[in-house]
Amino acid sequence: MNQDDKNLIFLATTGLEEFWDIKKPIVFLGDWCLRYSRQAIWKDLNYEVLPGIWRDKKKFIDAFKYLNNIYEHLLYKIAFLLDEIHKEKHDIRYWRIIIGPWLFHYIDVLYDRYVSIQEVISRYITFETIGLCEENFITPKSTLEFHLLTQDDPYNLQIYTRILSAGKYNFSHKPFEIKRKDQMILNKNIYNITKKKIIAFCLESIEKIGSKSSVYLVNPFFQKSLLIKFFLRSRGKIKPLFLSNEEIPNIKLNKSMRSYFNVISCNNNEFEKLIMQLLPHDIPYVFLEGYKMMEHKSLNYPRNPRAIMSWASWYFDELFKIWAASAAESGTSLLGVQHGGNYGIDQCMRVLDHENAITDKFYSWGWNCKELDDRIVPLPSSKVIGRKKSTKTNKNILFVGTASPRYLYRMQYPTNNHLEKYFEDQLIFLKNIDPSCKKLIRYRVFIQDYGFDIIKRIQNIYPDVVVEDWTIPFSESLENCRLFVCDHLSTVHAEALSLNVPTILFWDCDSYIHKTNACQSFENLHAIGILHYSPESAANTVNKIYDNINDWWNESERQSARLEFCNQFARNSVNSVDEWINEFKKMINSTPTDNN
């Protein structure tokens with residue numbers, strides 16, 4: 001695009017092609033606009049893509065800290081107003097549990113979109129664009145619906161339209177229906193019907209024990225056999241509780257309720273003024289118009305148990321959050337559990353900050369952190385407890401990929417700016433694998449594609465690669481491989497290393513921001529050839545070791561580095577079941593004040 005074009009450009013903020021003007025030179029606001037499956041539409045256009053704004057790590061870290069300060073400021077203001085609106089009086093922890101996950105996601109999303117627009121303004125003298133008609137704007141029902149809406153084009157177009165309108169820019173508009181997102185059941189039930197009946201029978205048989213001396217494990221990640229063992233060895237006081245997300249009905253907006261938020265003060269800052277302008281329209285129904293209904297439904301849950309433990313229900317299960325927040329005010333201990341391999345490793349991690357702020361104890365997979373407090377309790381990973389390395393003889397190479405939304409949904413690293421290079425590295429890895437090994441690869445795709453057309457990207461170039469989806473449990477898939485290959489930092493690499501499955505890892509180290517204490521652990525894995533910083537190096541190692549994998553994997557130096565890593569970030573032990581049961585018993589036998 002030449003200099004003259006910069007006076008004539010059209011800004012495309014969305015992947016919805018009907019909101020493009022292809023007669024003019026186009027600046028696409030991000031890679032999310034350009035769908036792989038639609039290359040025939042855009043590849044010959046006169047266009048450029050705005051460079052990713054979060055590739056600069058310092059800029060990202062500064063933004064992360066800045067947004068956290070905004071979050072804390074707004075949380076206290078909003079909590080005060082919600083008490084006033086609902087004629088209640090709660091402590092800040094109560095409202096942090098309930099609205100915190102929506103609020104910090106909302107601030108992060110809005111800031112990312114705002115900064116993108118500011119980048120365009122700084123680069124181009126004038127531009128044209130097409131926004132969404134205001135009559136098509138919607139307000140999310142819940143945290144979950146907001147999260148799902150921000151993963152797709154139409155709602156993000158609404159956000160960009162509102163930001164540009166707030167900046168007094170004149171541009172044309174088009175109608176487009178934003179479809180509501182169904183409330184999905186977040187925790188898939190992996191328990192077969194026989195185990196369900198056993199657990200239900202056990203629960204019914206000890207109903208007389210009551211809830212006040214019980215620890216409830218809500219939507220737990222423990223294996224089904226362990227849940228029964230916990231239950232029996234605690235004499236019925238450790239109870240699994242399976243909850244599904246509550247459907248939020250369509251409710252008419254209450255303008256009087258929402259007008260309360262017009263009084264929140266802010267600094268003399270354009271972005272913070274933008275939040276104040278949009279928040280009354282964007283705060284989900286469940287915190288205002290639907291709150292009393294949900295509060296009433298939460299009364300059906302067990303009253304004031306000794307403790308409530310959950311892995312991920314703290315984020316999108318609104319009914320659970322209200323129940324847990326209310327129970328905490330009455331003395332119930334709230335317990336958090338690590339549910340991903342990035343905990344203790346990532347320097348900027350919103351979810352860890354949130355879970356540590358709302359729980360009385362947080363159970364890690366082995367790490368501790370001086371920056372936090374003594375509420376962090378290292379225990380064996382709940383993902384691998386009770387599991388053993390498979391002794392099956394097989395030939396498969398399991399290659400596990402990942403994906404994340406095209407639009408940034410939370411300030412965490414790597415961001416969506418890194419995804420195109422990530423997909424390119426997958427193809428480079430496959431290109432460098434010997435044909436004899438390539439035919440043994442099973443490529444396991446992520447549960448969601450997010451519009452990246454991942455399978456098509458792979459199969460257009462390597463049609464013979466076998467693709468495996470999430471209908472096959474990962475534990476089963478891992479048992480049936482001779483070598484595990486992973487190209488990202490997540491939960492699956494921790495599982496494989498903990499279970500001592502021969503593993504090759506590779507990723508671009510510039511795509512991550514690690515805590516200082518984690519860096520050495522990864523350098524140790526790199527030094528002995530488990531972790532690689534390029535797809536070519538990883539592929540060459542696979543080619544070299546495949547015929548003698550076990551000899552390579554069991555070398556003492558390699559096993560020593562693996563164990564050192566696992567003891568800190570993926571802990572397992574022969575006594576792991578007893579360690580967890582003893583911790584639960586301490587919780588059961590303690591008084592409520594002992595845990596606070």
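Residue pairs whose Cβ atoms lie under 6 Å apart, sitting 6 or more positions apart in sequence or on different chains, and linking a residue in the range 334-345 that is touching a residue at least 40 places away in the same chain (Cβ under 8 Å) to a partner that is basic (K, R), are L335/K361. For F423, indicate whether it is surrounded by 15 or more Cβ atoms within 10 Å (Cβ to Cβ), within 28 Å of N156 (Cα to Cα) and at pLDDT 90 or above. It is true that F423 is surrounded by 15 or more Cβ atoms within 10 Å (Cβ to Cβ), within 28 Å of N156 (Cα to Cα) and at pLDDT 90 or above.
Before we move on, is S234 surrounded by 16 or more Cβ atoms within 10 Å (Cβ to Cβ), assigned by TED's automatic domain parsing to the domain that holds S330, at pLDDT below 80 and small (G, A, S)? No, not satisfied. The residues of the range 459-477 that are closer than 23 Å to D152 by Cβ and either of a type in the set (A, V, I, L, M, F, W, C) or modelled with pLDDT of 90 or more (or both) amount to a single one, W470. Based on this model, can you work out whether I22 counts as of a type in the set (V, I, T), assigned to a helix (DSSP H, G or I) and not assigned by TED's automatic domain parsing to the domain that holds C348? So I22 does not fit the description; no. Within the range 133-180, the set of residues being under 20 Å from the mean Cα position of the chain (by Cα) and among the β-branched types (V, I, T) comprises T143, T150. Among the residues of the range 455-479, those identified as surrounded by 11 or more Cβ atoms within 10 Å (Cβ to Cβ), among the polar types (S, T, N, Q) and within 28 Å of F221 (Cα to Cα) are S475, S477.
Just to be sure before I move on: is L319 more than 18 Å from the chain's Cα centre (by Cα), surrounded by fewer than 23 Cβ atoms within 10 Å (Cβ to Cβ) and under 23 Å from Y409 (Cβ atoms) in the structure I sent? Yes; evaluated as a whole, the condition is true for this residue. Under the condition of being more than 30 Å from Y111 (Cβ to Cβ) and either hydroxyl-bearing (S, T, Y) or not in a loop (DSSP other than H, G, I, E, B) (or both), the residues counted in the range 380-415 number 9. Among the residues of the range 374-414, those that are within 23 Å of the chain's Cα centre (by Cα) and of a type in the set (G, A, S) comprise S381, S382, G401, A403, S404. Among the residues making up the range 54-85, those that are within 30 Å of W20 (Cβ to Cβ) and out of contact with any Phe, Trp or Tyr (no Cβ under 9 Å at 6 or more places or on another chain) are R55, D56, K59. Screening F484, F452 for residues that are aromatic (F, W, Y), assigned to a strand (DSSP E or B) and touching a helix residue (DSSP H, G or I) at 6+ places or on another chain (Cβ under 8 Å) leaves exactly one candidate, F484.
Taking I125, is it in a helix (DSSP H, G or I), of a type outside the set (K, R) and either surrounded by fewer than 23 Cβ atoms within 10 Å (Cβ to Cβ) or assigned by TED's automatic domain parsing to the domain that holds F19 (or both)? It is false that I125 is in a helix (DSSP H, G or I), of a type outside the set (K, R) and either surrounded by fewer than 23 Cβ atoms within 10 Å (Cβ to Cβ) or assigned by TED's automatic domain parsing to the domain that holds F19 (or both). Candidates in the range 38-70 are the residues that are in a helix (DSSP H, G or I) and touching a residue at least 60 places away in the same chain (Cβ under 8 Å); of these, the one that is farthest from M349 (Cα to Cα) is I70.
Note on the range 1-37: residues that are over 25 Å from the mean Cα position of the chain (by Cα), surrounded by fewer than 16 Cβ atoms within 10 Å (Cβ to Cβ) and either of a type in the set (S, T, Y) or at pLDDT 95 or above (or both) amount to 4. Any residue at all in the range 506-517 that is over 22 Å from the mean Cα position of the chain (by Cα) and either closer than 30 Å to D153 by Cα or of a type in the set (F, W, Y) (or both)? Within the range 506-517, none of the residues are over 22 Å from the mean Cα position of the chain (by Cα) and either closer than 30 Å to D153 by Cα or of a type in the set (F, W, Y) (or both). Residues in the range 131-151 that are within 18 Å of G15 (Cβ to Cβ) and buried (at least 21 other Cβ atoms within 10 Å of the Cβ): G131, L132, L149, T150.
Remark: pairs (first residue in the range 233-248, among the charged types (D, E, K, R); second residue assigned to a loop (DSSP other than H, G, I, E, B); Cβ separation under 6 Å; 6+ apart in sequence or on different chains) = K237/S213; K237/S214; K239/S214; E247/Q183. In the range 331-352, the count of residues that are hydrophobic (A, V, I, L, M, F, W, C) and either surrounded by fewer than 20 Cβ atoms within 10 Å (Cβ to Cβ) or over 30 Å from W367 (Cα atoms) (or both) is one or more. Tell me which helices (runs of 4 or more DSSP H) are completely within the range 488-559 and hold 3 or more residues being assigned by TED's automatic domain parsing to the domain that holds K431 and buried (at least 17 other Cβ atoms within 10 Å of the Cβ), or say none if there are none. Those helices (runs of 4 or more DSSP H) span 492-498, 516-527, 535-545.
Looking at I107, I98, just one residue is over 18 Å from Y160 (Cα atoms), assigned to a helix (DSSP H, G or I) and either in contact with a Pro (Cβ under 6 Å, 6 or more places away or on another chain) or in contact (Cβ under 8 Å) with a residue 24 or more places away in the chain (or both), and that residue is I98. Tell me, yes or no, whether the range 134-146 has at least one residue that is over 30 Å from H73 (Cα atoms) and without any contact (Cβ under 8 Å) to a residue 60 or more places away in the chain. Scanning the range 134-146, I find at least one residue that is over 30 Å from H73 (Cα atoms) and without any contact (Cβ under 8 Å) to a residue 60 or more places away in the chain, so the answer is yes. In the set (1) small (G, A, S); (2) more than 28 Å from R571 (Cβ to Cβ); (3) in contact with a Lys or Arg (Cβ under 7 Å, 6 or more places away or on another chain), the condition left unmet by S534 is number (3).
Among the residues making up the range 253-266, those that are at pLDDT below 90 and assigned to a loop (DSSP other than H, G, I, E, B) are I264, S265, C266.
Residues of the range 365-372 include at least one that is among the acidic types (D, E), at pLDDT below 95 and surrounded by fewer than 22 Cβ atoms within 10 Å (Cβ to Cβ).
The values are calculated or read from the model by the stated rules, or taken from the named source; none is laboratory data. What you see is a predicted model; the values in this text were computed from it and never measured. Every residue, glycine among them, receives a Cβ derived from its backbone with ideal geometry; neighbour counts consider all protein chains shown.
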